[in-house]
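S.K.: A single structure is presented below for examination.
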Amino acid sequence: MKKIIVIFFLWLLIINIFALFALNRLNLKSDTAQSWINSNEFYQKQNWNLISIHANWDSVWYLDIAKNGYFFEGYDKLSTTAFLPLYPFFIKKTSFLTGGNFILAG
């Protein structure tokens, strides 16, 4: 059992290091993948924070719900009512295990 736990955490470390380098594209400054991409307008912000790489896409919404609760300001504005409540609930309830860090709790 101890060997399985060590392998799990080692694999988790390897995946996170790979994700960190993949997100930062090995520190390339501009995206030249397509000719229509203007590197002055579309650029990748370099972020070497290992925790913040786990906060992408809808996590902004879920973290906001966990911190501030749901809000609805009308039909013509963005609101958090489309997201299910169980995941933000568990983020909030387990954040004490991570020292109040909601991203790690997620």
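S.K.: Based on the mean of other Cβ atoms within 10 Å per residue, sort peptides 58-68, 84-94, 1-11 so the most packed one is first.
M.R.: Details: 58-68: 15.5, 84-94: 14.0, 1-11: 8.6.
Going from most to least packed, we get 58-68, 84-94, 1-11.
S.K.: Count charges around residue 67 for me, please; just the other residues with Cβ under 14 Å from its Cβ, Lys/Arg as +1, Asp/Glu as -1.
M.R.: Details: positive: 92, 93; negative: 64.
Here the count lands on +1.
Read-outs throughout are calculated quantities, based only on the coordinates presented, and are distinct from any laboratory measurement. Worth saying up front: this structure is predicted, and the values here are computed from it rather than measured. Note that we place each Cβ from the backbone using ideal geometry, even for glycine, and neighbour counts take in every protein chain shown.
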